[in-house]
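Asks: Sending over a structure as structure tokens; questions will come in a sec.
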Amino acid sequence: MNRILTLLSLLVLVACNSAPQTKKAGVCISFDDRSIAEWYQMSGLLDQYNAKVTFFITQFDSLTENEVVKLKQLQLNGHEIGSHGNRHAISENYIKEYGWNKYIDDEIIANKLAMQAKGFEPVSFAYPYGAKYWFTDYLISKYHPAIRSDLPVNAENDLTKIEGIFYKFDGDYEFYSMGFDSNYHLTHEMITKAMKRAKMNNEVLLLHGHVPDDGKAKKYEFSMELLEFILSEANRQGLVFYRFKDLVNSDQ
């Protein structure tokens, strides 16, 4: 009898130890295109808040060696380097003109091969312009398990009501993100409320930007002050910083 009880106790202990870790609420921040020098300059700010992010790179085969070196250093610092397409093409338009196979070859496979040739293995892909097509997620998932698009701000300017930008640890790796570039007009209050929802519901809030503001008022620029607020507010609320590959691996 004692041996049986001991065996049962060991089985319970093993089961408990092998149970998946509790998923923690967090924020997943990413940056698109190829503003590598600017991203590298802001990496000190990310380090200050111990924030790990994803950089989605487009037209990788035209990067300079210096840009590749900077990306490798960002990766060594714990950041993820993902793909943003070889031609930065709008999927629907490209597919209508050239077909599905050409889109996958020219946009998806070409950029992945260029990245692999320099020692990167991109897990995640972000659509240029957030432009999905009805069948593209399925096709791209053969090359990148994590796929990110984006959503616009709603009429209420209330991010908590935009379900798609909150990942629920449900194994759906077709992600949507909310931009924090100047054209999205996000406020501190909007971000704070969204993070509170993520924390309360044990979700991950997805946010993305392009290039730090250089004073030229470009459409796809974000304020460094706003980025620092996002980082500090996430820390204040005790949120975990996720990369996209972390979200894919969280359910493994």
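Any read-out appearing in this document is the output of simple, stated calculations on the displayed coordinates, not a laboratory observation. None of these values were measured; they are calculated from a predicted model. Reconstructed Cβ throughout: ideal geometry from the backbone, glycine too, with neighbour counts over all protein chains shown.
Asks: Cβ neighbours within 10 Å, averaged per peptide: list 101-107, 29-35 in order, most packed at the top.
Replies: 29-35, 101-107
Asks: Given the options Gly26, Gly164, Gly119, which has the most mean-square fluctuation in a GNM of the chain, springs set between C-alpha atoms less than 10 angstrom apart?
Replies: Gly119
Asks: Given the rule -39500 (n - 2.57) for each run of at least 4 DSSP H residues, summed and divided by the residues of the chain, what is its mean residue ellipticity at 222 nm, to the nearest 500 deg cm²/dmol?
Replies: Calculated at 222 nm, the ellipticity per residue is -11000 deg cm²/dmol.
Asks: Shifting gears a bit: I want the local charge near Ile90. Using Cβ-Cβ distances under 15 Å, sum +1 for each Lys or Arg and -1 for each Asp or Glu among the other residues.
Replies: -3
Asks: So what are the ³J(HN,Hα) numbers for region 111-119, from phi and the Karplus equation (6.51, -1.76, 1.60; θ = phi - 60°), rounded to whole Hz, Gly and Pro as x?
Replies: 6, 5, 5, 5, 5, 4, 5, 9, x
Asks: Name the long-range amide H neighbours of His208: under 5 Å, sequence gap of 5 or more, or other chain; modelled H, no Pro or chain starts.
Replies: Ser30, Met178, Gly179, Phe180
Asks: Considering just Cα atoms, how many Å³ per residue does the convex hull of region 149-247 enclose?
Replies: Enclosed volume per residue, from the Cα hull, is 98 Å³.
Asks: Can you list which of the trypsin sites (Lys or Arg not before Pro) found in region 148-216 are DSSP loop residues with at most 14 other C-beta atoms within 10 Å?
Replies: For trypsin sites (Lys or Arg not before Pro) across region 148-216 that sit outside H, G, I, E and B with at most 14 neighbouring Cβ atoms in 10 Å, the list reads Lys168, Lys216.
Asks: Additional query: Along the positive direction of the dipole of region 22-249 (beta-carbon charges: Lys, Arg +1; Asp, Glu -1; about the Cα centre), which of Ser232, Ile95, Pro212 reaches farthest?
Replies: Ser232
Asks: To continue, here is another question. Compute for region 167-206: radius of gyration divided by Kirkwood radius, i.e. Rg/Rh, restricted to C-alpha atoms, rounded to two decimals.
Replies: Answer for region 167-206: 1.01.
Asks: Net charge around Ile108, counting only other residues with Cβ within less than 14 Å of its Cβ (Lys, Arg = +1; Asp, Glu = -1)?
Replies: It works out to a net charge of +1.
Asks: Along region 45-57, what does the Karplus equation 6.51 cos²θ - 1.76 cosθ + 1.60 (θ = phi - 60°) give for ³J(HN,Hα), rounded to whole Hz, x for Gly and Pro?
Replies: 5, 4, 4, 4, 9, 6, 9, 9, 10, 10, 10, 9, 9
Asks: Please list, or write none, the lysines whose alpha carbon is within less than 24 Å of the alpha carbon of Lys142, excluding same-chain residues fewer than 8 places away.
Replies: Reachable lysines: Lys96, Lys102, Lys112, Lys118, Lys132, Lys168, Lys245.
Asks: Suppose we look only past 29 Å in the calculated P(r) of region 22-249. What percent of the Cα-Cα pairs does that tail hold?
Replies: Roughly 22 percent, rounded to a whole number.
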